[in-house]
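Scroll down for the structure; my scribbles are underneath it.
The values are calculated or read from the model by the stated rules, or taken from the named source; none is laboratory data. Just so we're clear, the structure is a prediction, and the values are computed from it rather than from any experiment. Cβ: placed from backbone, ideal geometry, glycine included. Neighbour counts: every protein chain shown. Accessible surface areas use protein heavy atoms only, side chains included; no ligands, DNA or RNA. Shrake-Rupley method; radii C 1.70, N 1.55, O 1.52, S 1.80 Å.
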Amino acid sequence: MNAKEIIAQRVAQEMADGDLVNLGIGLPTLVANYLPAGVRCFFQSENGIIGMQPLDGPGSALAALTDAGGAPTSVIPGAAAFDSVASFGFIRGGHLDVTVLGGMQVDEEGMLANWMIPGKMVPGMGGAMDLVAGAKRVIVAMTHTAKGAPKILKKCNLPLTAVRRVSLIVTELAVIEPTAEGLVLREIAPETTVDAVKAATEASLIVAPDVGVMQLAA
C-alpha cells in the first residue's frame, strides 16, 4: 500500500453515515474508495454536485460531469447538480459536515497553507479558503514530508489558507490532532515509531498517553 492509499483509507474512517463531505482536488478524492462498510456519505464538489461517487471502471464516467479538478466523475441515483453560487452557499452556510483537503504545510497552531507558493503561477485559490472557514470539520490529508523536508512546521512560511485551526491531520506516518495546547499525536502507522514520526516533524508533538496504531486493511 502506497502513502496516498494509507492516508485515504485512514481518512475514510473519520466519515459517519449520512455526512455531507467535500473532497478536495488530488489525494482527497481517493477517500471515497475506502468508506467503511455500512457508511454512506454524500460527496459534494464545489463546482456544483452533491452525490459524486468513485468511478468503477472504464466507461463509468458521465461525459457532462467533472469534479472540481476537472476530472471525469459519476454520480449516485438522485444526485443534485447546481450552479457555483448555490454550491458556495452550502459551503459558506456551514452545511458541510466534513471537508478533506490536501496541504503543503500545517503548523503548531493548526493553521493550513495549501493554496499557493509565492512566485509560482496558480490558477486561483479555488474554494479552499471558504471550505476551511465554513466546514464543521477540516481534515488535512497530505504526505508527512516533501522531498525529505517536513511539512508539519513550527510556523507556516507559505500564505495561510484561512485563520482557523484544522480538525485533524492525517499522513502516511501519523494521525495528529491540533488543539489549543498544541499538536497531539493520536496514532502512528504500522511499522513506524513515535521517534520516527517526531524525526520527520519540525513542529513539537504532544504524544497522547494512549497513542494507537492505525488500523488499515491490507
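Here's a check for you: in the stretch 149-159, which residue that is touching a strand residue (DSSP E or B) at 6+ places or on another chain (Cβ under 6 Å) and charged (D, E, K, R) is surrounded by the most Cβ atoms within 10 Å (Cβ to Cβ)?
Filtering the stretch 149-159 for residues that are touching a strand residue (DSSP E or B) at 6+ places or on another chain (Cβ under 6 Å) and charged (D, E, K, R), the one surrounded by the most Cβ atoms within 10 Å (Cβ to Cβ) comes out as K151.
Here's a check for you: in the stretch 12-57, which residue that is buried (at least 16 other Cβ atoms within 10 Å of the Cβ) and in contact with a Cys (Cβ under 8 Å, 6 or more places away or on another chain) is farthest from G127 (Cα to Cα)?
The selected residue is L35.
Give just the number: which of (1) farther than 21 Å from A68 by Cα; (2) open to solvent by less than 50 Å² (accessible area, probe 1.4 Å); (3) touching a residue at least 24 places away in the same chain (Cβ under 8 Å) does A162 not satisfy?
Only one criterion in (1) farther than 21 Å from A68 by Cα; (2) open to solvent by less than 50 Å² (accessible area, probe 1.4 Å); (3) touching a residue at least 24 places away in the same chain (Cβ under 8 Å) is unmet by A162, namely (1).
When you look at G89, is it without any contact (Cβ under 8 Å) to a residue 12 or more places away in the chain, more than 30 Å from V207 (Cβ to Cβ) and not in a loop (DSSP other than H, G, I, E, B), yes or no?
Criteria met by G89.
Take G69 and tell me if it is of a type in the set (G, A, S), at pLDDT 95 or above and either within 23 Å of G134 (Cβ to Cβ) or buried (at least 16 other Cβ atoms within 10 Å of the Cβ) (or both).
So G69 fails the test.
Select from the stretch 154-172 the residues that are of a type in the set (V, I, T) and part of a loop (DSSP other than H, G, I, E, B) and write down the one among them that is farthest from P118 (Cα to Cα).
T171
This table checks each residue for (1) assigned to a loop (DSSP other than H, G, I, E, B); (2) in contact with a Leu (Cβ under 8 Å, 6 or more places away or on another chain); (3) farther than 20 Å from A16 by Cβ; (4) of a type in the set (S, T, Y).
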residue: G51; (1), (2), (3), (4): no, no, no, no
residue: L55; (1), (2), (3), (4): yes, no, yes, no
residue: P58; (1), (2), (3), (4): yes, no, yes, no
residue: A64; (1), (2), (3), (4): yes, no, yes, no
residue: V85; (1), (2), (3), (4): no, no, yes, no
residue: L96; (1), (2), (3), (4): yes, yes, no, no
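It is to be established whether one or more residues within the stretch 118-137 are open to solvent by less than 40 Å² (accessible area, probe 1.4 Å), under 14 Å from the mean Cα position of the chain (by Cα) and within 19 Å of Q9 (Cβ to Cβ).
Scanning the stretch 118-137 turns up no residue that is open to solvent by less than 40 Å² (accessible area, probe 1.4 Å), under 14 Å from the mean Cα position of the chain (by Cα) and within 19 Å of Q9 (Cβ to Cβ).
I'm checking my understanding of the structure. Among residues of the stretch 179-197 that are within 21 Å of G102 (Cα to Cα) and either open to solvent by less than 10 Å² (accessible area, probe 1.4 Å) or acidic (D, E) (or both), which one is farthest from the chain's Cα centre (by Cα)?
It comes out as V197.
Checking the condition modelled with pLDDT of 95 or more, open to solvent by 10 Å² or more (accessible area, probe 1.4 Å), among the hydrophobic types (A, V, I, L, M, F, W, C) and more than 17 Å from the chain's Cα centre (by Cα), which residue from A200, A208, A146, A217 passes?
A200
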